[in-house]
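The values are calculated or read from the model by the stated rules, or taken from the named source; none is laboratory data. Just so it is clear, the model here is predicted, and its values are computed rather than measured. In this analysis, Cβ positions are derived from the backbone assuming ideal geometry, glycine residues included, and neighbour counts consider all displayed protein chains. To get the accessible areas, we keep the full protein, side chains included, count just its heavy atoms, and leave off ligands, DNA and RNA. Shrake-Rupley method; radii C 1.70, N 1.55, O 1.52, S 1.80 Å.
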Amino acid sequence: MRNCAKVAQNNCLFRACKFCCGCYQRPINQFLGGRASLCSVHNNDKKGKNKSKKKDKERSNGKDVAKLEESIPTTDKYKLITSTAKVVLVGIGADEQMAGYGRHRTTYNRGGYEALRKELAMEKSRLWTRNLGRDDRCISFHGKEARFPFLDEDVVAFLNSLDVLQLCDMSRPQGEGDKMILRLVAKNIGVKQCSGLVKRAIQFGSRIAKVSDTQRFGSSSKVSGNANHKG
């Protein structure tokens with residue numbers, strides 16, 4: 001920091017002494033909601049790591065974790081990993097604003113871009129009540145905090161300033177035309193491999209939804225929207 005007379009560490013991420021390095025990291029840690037340990041030089045102290053681990057254990061329910069560990073077989077291939085992250089980045093809002101769902105292509109096929117504009121406007125208006133409350137409860141249950149990059153005020157304002165033709169191109173196939181603007185940004189910053197993946201929800205991509213419905217109702221075709229969940 002300015003006017004600091006202490007010797008800076010060459011390998012420090014911020015090219016600073018230990019005290020100044022901590023000052024630089026403090027606002028970042030406050031934003032993330034936990035200890036980020038950004039600098040490999042000054043965050044490599046065992047005392048700090050032990051304190052962090054102790055706090056993590058106190059915040060988590062030890063009995064529930066123990067039960068979970070017993071229920072999951074641990075082998076060389078499958079190992080139970082407990083994340084110490086306090087903040088989870090959630091991608092909600094990207095599909096609703098940039099036409100990323102399969103139903104958006106169906107809407108376009110039925111009524112063109114005008115119908116798609118109305119569909120996106122409707123989905124954005126209900127996002128706060130339909131999705132955010134549910135996701136916040138699920139994430140908070142596990143002792144984490146959610147951050148929503150695609151719902152940042154500046155991001156939302158920018159996307160609202162664009163026409164749907166600048167957000168997507170439904171004449172292109174899946175994995176290209178849907179969320180086209182986001183895919184182009186990803187390619188531009190070097191994230192090329194996943195920028196062409198077709199959208200698929202994890203519950204369907206992993207087939208867990210079908211397995212769960214079959215176990216509880218006998219078949220996925222017997223599931224209704226008002227069905228009660230039985231643990």
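Our note on the geometry: Cα centres of the range 83-105 and the range 150-179, 13 Å apart. Measuring against 23 Å, Cα to Cα, the residue pairs Lys124/Lys199; Lys179/Lys210; Lys144/Lys179 contain Lys179/Lys210; Lys144/Lys179 as the ones spanning a longer distance.
Using θ = phi - 60° and the Karplus form 6.51 cos²θ - 1.76 cosθ + 1.60, what ³J(HN,Hα) does each residue of the range 109-116 get, whole Hz, x for Gly and Pro? Each residue of the range 109-116 in turn: 5, 7, x, x, 5, 5, 5, 5 Hz. Ordered from highest to lowest accessible area with the whole protein assembly present and a 1.4 Å probe, His142, His42 read as His142, His42. Classify the range 151-195 from the C-alpha gyration tensor, please: rounded if a/c falls under 1.5, else prolate or oblate depending on whether a/b exceeds b/c. Verdict is oblate for the range 151-195.
Put Leu120, Leu132 in order of accessible area, highest first, and with a 1.4 Å probe you get Leu132, Leu120.
Mind checking the range 77-118 for chymotrypsin sites (Phe, Trp or Tyr not before Pro) that DSSP puts in a loop (not H, G, I, E or B) and that have at most 12 other Cβ atoms within 10 Å? Sites meeting the loop and neighbour criteria: Tyr78. Our estimate of slack between Thr82 and Ser220, defined as 0.36 nm per intervening residue step minus the Cα-Cα distance, is 46.5 nm. Of Thr84, Thr107, Thr214, the order by accessible heavy-atom surface (1.4 Å probe, DNA, RNA and ligands excluded), from most exposed downward, is Thr84, Thr214, Thr107. Cβ-Cβ distance of Ala209 and Thr106, R₀ of 22 Å, FRET efficiency by 1/(1 + (r/R0)^6): the value works out to about 0.65.
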